[in-house]
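Some notes on the structure that comes next.
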Amino acid sequence: MSSRRGFLQNLLAGAGLFASTKVFSAQEMNASPAKQQMQPKRSGQNEASKRAHGLPVPVQTPDIRDLPFRMDGNVKEFHLIAEPVKQEIVPGQVVDLWGYNGSAPGPTIQITQGDRVRIIVDNHLPEPTAMHWHGFEVPYDMDGSPGASQDPIAPGGRFVYEFTLNQQGTYFYHSHMAMQEMMGMIGAFIMHPKEAHAPRVDQDFAIVVQEYAVLPNSSVPNSMNMEFNWLTFNGKSGPATTPLLVRHGERVRIRLINLGMDHHPIHLHGHQFVVTGTEGGRQPESTWGPGNTILVGVAQSRDVEFVANNPGDWMLHCHLPHHMMNQMSSNVGPLSRRAALPAGEGMEQGMGMPRGGSATAPDNGPSLGRGMGGGSAAEKATSNSPLNSATPMQHQHTPGPQMPAVDVSKNANSVPGFPQDAFMEGPRMAMDAMVDKPENYGLHPGWSGFMGGMMTFVRVLPPETYDHIMQLRQKQNAGKSTEQMPAMEHNHE
Ligand SMILES: [Cu+2]
């Protein structure tokens, strides 16, 4: 993982703005304006350090690395490798996805408005791919639309994209093969303005939201499903998502990016925010209105900003109920309360469990009803609609005051629909330890039992706690080498 300081050095070296990076530390870059005013002015500050306060802070993508780059003259050169990846969504749940450079979503790319950028894309997939730069105003032959602006990149092949970027905002890159998108092939592409937007944010985060249908007995998502059981923020489901850490009083931006089959209403607890940007870039301040839920539609991005003026560990999550859960079918209903499920052929057939191979494998076609041949048309159309039912729907009148008193804790099983949220205290506590990391320091005991799917925390912390967690994180990262460019053979003519 490249450190923030490393990123800044690269960013600035690339932008060619400053000869020396000594003049501003990561701390100075992140200090809130209020905090800076309280600190006595240090001697030795020069023009550069004053100007540095006008630079945007680098974006953090929790659980996802930044893509490193190198300078080739005045060109920032990146190297993306489209490849199969093993993505651990929660501890023990490793899914076979397709992504870039070892993760899905792929690493985050950060550039500055005006940069000349070269991105070498290698295809290590067994089928053709093409890289589309979503919303980029680039020459047509750089658009990455297969069959139109270019031929697809063959397996083992390479395509070199190069363009100058004059936009700013929250963009993304993705494969332009539809079903490859459903396998995870997307990544954030942040275009920073040369000068930070006002009011300047102290913390800036990016979250890519994705969804997968991973059927029982399979590690490969069924890219044809319309209902999803694994919902992710940056390739992790709660409680494995890494919280967003901010100091009390800081101004925060969160950039949400969605590429999947659903639109996600993302909700923040404890604060009102304003929407300051879309996939088209910064929005004029006259459009900002308060809210606490933002619908991030498919192929859209939304930037929200707020002042973290309310201390606490605030949930940030998609509010679709099924998207706040993991592996929904095994969480709900009477079966979820059995210590061990009775095994048998009946369940396998009933749930359409693939036996070997993925849901997209040929042997599983008939059992999952995805035959596309003439035979499928012979199936009889059926409907469960009440309108077609022989018995008309009956209205039930609730007895109201005559309702007998029930001790629900003793008679839970007599309540139709029970259980919906079946948990046991033991596993809950154990899960806290399983997902332990510096960023989770001090969370409420048992917290992890209530986090699933597209859920994380915005932790608005006292400065001391924030600093303590940063120290813990530094300790944990000590000795880990920083990210290098992937090796490649490439000649510049
Ligand atoms: Cu959702």
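Values in this text are rule-based calculations from the coordinates and carry no lab data. These figures come from a predicted structure and were not determined experimentally. Every residue, glycine as well, gets a Cβ built from its backbone with ideal geometry; the counts of neighbours run over all protein chains shown.
Quick look at the numbers
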{"item": "Cα Rg over Rh - the stretch 88-178, Kirkwood", "result": "1.00"}
{"item": "Per-residue ³J(HN,Hα) for the stretch 310-325, Karplus 6.51 cos²θ - 1.76 cosθ + 1.60, θ = phi - 60°, Hz, x for Gly and Pro", "result": "10, x, x, 9, 8, 6, 10, 7, 5, 9, 5, x, 5, 8, 10, 9"}
{"item": "Centre separation in Å (Cα based) which lies between the stretch 221-273 and the stretch 60-112", "result": "18"}
{"item": "Using θ = phi - 60° and Karplus 6.51 cos²θ - 1.76 cosθ + 1.60, couplings along the stretch 188-201 (whole Hz; Gly, Pro as x)", "result": "6, 10, 9, 10, 7, x, 5, 10, 4, 5, 9, x, 5, 8"}
{"item": "Karplus 3J(HN,Hα) series, Hz, for the stretch 174-182 with 6.51 cos²θ - 1.76 cosθ + 1.60 (x for Gly, Pro)", "result": "7, 4, 9, 9, 3, 6, 5, 4, 6"}
{"item": "Per-peptide average of other Cβ atoms within 10 Å, ordering 249-262, 440-453 highest first", "result": "249-262, 440-453"}
{"item": "Order of ARG65, ARG302 under a 10 Å beta carbon neighbour criterion, fewest first", "result": "ARG65, ARG302"}
{"item": "Approximate spin-label separation ASN166-HIS267, in nm, with each point projected 7 Å along Cα-to-Cβ", "result": "4.3"}
